[in-house]
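Student: So that we are looking at the same thing, I have put the structure below in structure tokens.
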Amino acid sequence: MVLLVLDAILGVSDQDRVLAQRVADDGRACVVLLNKWDAVENKDDKTYLKSIEYVRDMLPAVRWAPVVLVSALTGQRCPKIYDAIDEAVKNHRARVSGRVIESARLSE
């Protein structure tokens, strides 16, 4: 399980993209945390949705991962991380099980 923490103010860096690709290549479950959400000014519902879309567009290797916008400083939305982890692990197990079943069928 990987928690990939990004900076909401700085945006997605080249290093973030490298790490996301490594997560995907290693077949890990992942949750993307967009931290410092408290520092984003003039935000509304559109800003929230655009931020999630931005992260998914900039990190196509983990586009499937849940994205949680949080603030480590204030604790905003931090409890939602646990639900996102549960979702990511559940989805990861389903993908892995599906691959195992598919591989078994191919070897028959």
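The values are calculated or read from the model by the stated rules, or taken from the named source; none is laboratory data. Bear in mind that the values here come from a model prediction, so they are computed numbers and not experimental data. We place every Cβ from the backbone using ideal geometry, glycine too, and count neighbours over all the protein chains shown. Side chains included, ligands, DNA and RNA excluded: accessible areas come from the protein's heavy atoms. Shrake-Rupley method; radii C 1.70, N 1.55, O 1.52, S 1.80 Å.
Student: Using the Karplus equation 6.51 cos²θ - 1.76 cosθ + 1.60 (θ = phi - 60°), what ³J(HN,Hα) coupling, rounded to whole Hz, does each residue of the range 85-91 give in order, writing x for Gly and Pro?
Tutor: 4, 4, 4, 5, 5, 4, 5
Student: Who wins for biggest fluctuation among Val31, Val67, Val12 in a Gaussian network model of the chain, springs between alpha carbons below 10 Å?
Tutor: Val12
Student: Once every DSSP H run of n ≥ 4 in the chain is given -39500 (n - 2.57) and the sum is divided by its residues, what mean residue ellipticity at 222 nm do you get, rounded to the nearest 500 deg cm²/dmol?
Tutor: So the helix-based figure for the chain works out to -17000 deg cm²/dmol.
Student: Any idea of Lys90's accessible area? Nearest 10 Å², probe 1.4 Å.
Tutor: Ignoring ligands and nucleic acids, Lys90 comes out at about 150 Å².
Student: Express the carbon and sulfur contribution to the solvent-accessible surface of the range 14-79 as a percent, rounded to the nearest whole number, probe 1.4 angstrom.
Tutor: Percent of accessible area from carbon and sulfur atoms in the range 14-79: 50.
Student: Sketch the reach of a paramagnetic label on Arg77 as a point 7 Å from Cα along Cα-to-Cβ, and name the residues of the range 14-41 whose backbone nitrogen lies under 11 Å away.
Tutor: Flagged as within label range: 32-40.
Student: Nothing charged except the Cβ atoms of Lys and Arg (+1) and of Asp and Glu (-1): what's the magnitude of the dipole of the chain about its Cα centre? Round to the nearest 20 debye.
Tutor: 240 debye
Student: Using a 10 Å cut-off on Cβ atoms, rank the peptides 38-45, 14-21 from the highest mean neighbour count down. List each step's numbers first, then the result.
Tutor: On the way: 38-45: 10.6, 14-21: 14.8.
By packing density, highest mean first, the sequence is 14-21, 38-45.
Student: On the first, second and third principal axes, largest extent first, how far apart are the outermost C-alpha atoms of the chain in Å?
Tutor: The Cα atoms of the chain stretch 58, 28, 22 Å along their principal axes.
Student: Just to be sure I understand: of the beta bridges DSSP finds with both ends in the chain, what percent are antiparallel, rounded to 5? Kindly include the intermediate steps, with their values, before the conclusion.
Tutor: On the way: 1 of 10 bridges.
In the chain, DSSP labels about 10 percent of beta bridges as antiparallel.
Student: Here is a follow-up. If the reach is capped at under 18 angstrom between alpha carbons, list the lysines near Lys46, excluding any in the same chain fewer than eight residues apart.
Tutor: Answer for Lys46, where 18 Å is the Cα cut-off: Lys36, listed by chain and number.
Student: Now a separate question. Not counting ligands, DNA or RNA, and with a 1.4 Å probe, what is Ile81's accessible surface area in Å² rounded to the nearest 10?
Tutor: Around 30 Å² of this residue is reachable by solvent.
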